[in-house]
Structure formats: structure tokens, C-alpha cells
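Working notes for the structure below.
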Amino acid sequence: MKEYKEPSLADRLGAAAKARQAQLEKARAKNPANDPQFAEKQAARLAASQARDVRIAERKAQKIVAEEQRAVARAEEETARLAAQKAAEFARESAAAEALKQAAESIAARKAERDARYAARKARKK
């Protein structure tokens, strides 16, 4: 039986270099650029990515339009609410003014009646 021979440093370095070279060649063989269908697959991926980007952009645009429509609707509702509030306030003020006017007329009518009674009493005394 032969004696075991310890590999020298040069032998170990050579074996490591051969192993690295083998791994490199194996990786080059698996390179997708060598695949004849790689270009077709890459083009399909690119088309799908572009279509996805278009759909995303469309959704964003739709969201923006919907938000603008909601903002316009809120503004219209606010305007209508303010108009109704002003109309109600005007009606309350008109009703209050009419009530004051009627109260003033009532007071004036009672004063006129009182003055008439007073003048009639004065006239009877003379």
C-alpha cells in the first residue's frame, strides 16, 4: 500500500483554481442571456410591467378625478347649506321685525285710544 502523500501548497492552489474555473463555466452555461427564449421572456416581462404602470397611472388619475368631484360636491353642499341658513336667518329677522312692528302698532293704537278717552273726559268737563 502506498503511503498517503500530503498535497503541497501548489497542488491545493491548483485544485482551488480548477474548482473556481469549473464553477465559473457552470455559471456561464446557466446564464439566461444564452437562452434563445430569453429575449422573448424579457420582452414579455417588459410589456407586462409597462401595462401595470399604465393601469396604476389610470387608477391614480381616477382617484384624483373622484376626489375633485367629491370636493366640488362638498363645496356645493356647503354653499347650499349657507344659502339655506341665510334664508332662515332672514326669515327669522323678518318675523322679528314684523312682530316689533305689530307690537309698536298695538302700543300706538292703545295710546291713541287712551288719548281719545282722555280728550273725551276733558271735553265733558268743560
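Structure above, values below:
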read-out: Anchor Lys101: aspartates and glutamates whose Cα lies under 13 Å away (excluding residues fewer than 8 positions away in-chain); value: Glu93
read-out: Of Thr79, Ser49, Ala109, farthest towards positive along the dipole that unit charges on Lys, Arg, Asp, Glu beta carbons give region 34-125; value: Ala109
read-out: Rounded to 10°, Cα long-axis angle of helix 9-29 versus longest principal axis of the chain; value: 50 degrees
read-out: Computed magnitude of the charge dipole of the chain (debye, nearest 20; Cβ of K, R +1, Cβ of D, E -1); value: 1260 debye
read-out: Projected area, mean over directions - the chain, Cα convex hull, nm²; value: 23.7 nm²
read-out: R0 of 41 Å, Cβ-Cβ distance Lys122-Leu82: FRET efficiency to nearest 0.05; value: 0.10
read-out: Separation of the Ile56 and Gln102 label points, Cα + 7 Å toward Cβ, nm; value: 7.0 nm
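Throughout, read-outs are computed from the coordinates displayed, never taken from laboratory work. Small disclaimer: the values here were computed from a predicted structure and weren't measured. Note that we place each Cβ from the backbone using ideal geometry, even for glycine, and neighbour counts take in every protein chain shown.
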